[in-house]
């Protein structure tokens, strides 16, 4: 029997409790799914700095800021930075595993053959000041 855990929320001036699903993470703590909160109660959540908010479900990245953990596909980011090059990490993120030498050669060649930037994108990027922050452009 697949039993789904629920959290019960009782708010002032509300007659009924709201059932909110509990989501089990692959790592780290469980999360309460509050997507239906506003629809059913008219309330938002308040979490300055998103210190206790999971923004998405990811099989690629795991972050625990308090413990200083950042992992991609189960590999510690410090180990990846020390032992793998950029293209190996790209392969890991895209395909879920570090490449063997043959896979790496094929992957690098594929990337090299697909590096042309469409002219319209070049015009788009030229519309930003030279020293614009990359995150602002994105």
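Coordinate-derived values only; no laboratory data. Please read all numbers here as calculations on a predicted model, not as lab measurements. Every residue, glycine as well, gets a Cβ built from its backbone with ideal geometry; the counts of neighbours run over all protein chains shown.
Calculate, for residue 11 and residue 135, the FRET efficiency according to 1/(1 + (r/R0)^6) with r their C-beta to C-beta distance and R0 30 Å; round to the nearest 0.05.
0.25
Please report how far the C-alpha centroid of the range 75-138 lies from that of the range 4-67, rounded to the nearest whole angstrom.
Using only Cα atoms, the two centres lie 33 Å from each other.
Given the -39500 (n - 2.57) contribution per DSSP H run of 4+ residues, what per-residue ellipticity at 222 nm results for the chain, rounded to the nearest 500 deg cm²/dmol?
Result for the chain: -9000 deg cm²/dmol, rounded to the nearest 500.
Order by neighbour count: 39, 104, fewest other Cβ atoms within 10 Å first, most last.
Fewest-to-most Cβ neighbours within 10 Å comes out as 39, 104.
Expressed as a rounded percentage, what relative contact order does the chain have, with Cα pairs under 8 Å and six or more residues apart?
9 percent
Could you check the simple spin-label distance between residue 105 and residue 35, using points 7 Å along Cα→Cβ, in nm with one decimal?
Each label point is offset 7 Å from its Cα along the Cβ direction, giving 4.5 nm.
Taking only the alpha carbons of the chain, what extent do you get along each of the three principal axes, in Å, biggest first?
62, 43, 29
Would you please classify the overall shape of the range 79-138 from the alpha carbon gyration tensor, given that a ≥ b ≥ c denote the square roots of the eigenvalues, rounded means a/c under 1.5, and beyond that prolate means a/b larger than b/c while oblate covers the rest?
Judged from the Cα gyration tensor, the range 79-138 comes out oblate (a/c at least 1.5, b/c at or above a/b).
So for each of 85-92, 121-128 I average, over its residues, the number of other beta carbons within 10 Å; can you give me the resulting order with the highest mean first?
Put in order of decreasing packing, that is 85-92, 121-128.
For the residues 55, 132, what sequence is obtained by ranking on other C-beta atoms within 10 Å, fewest first?
55, 132
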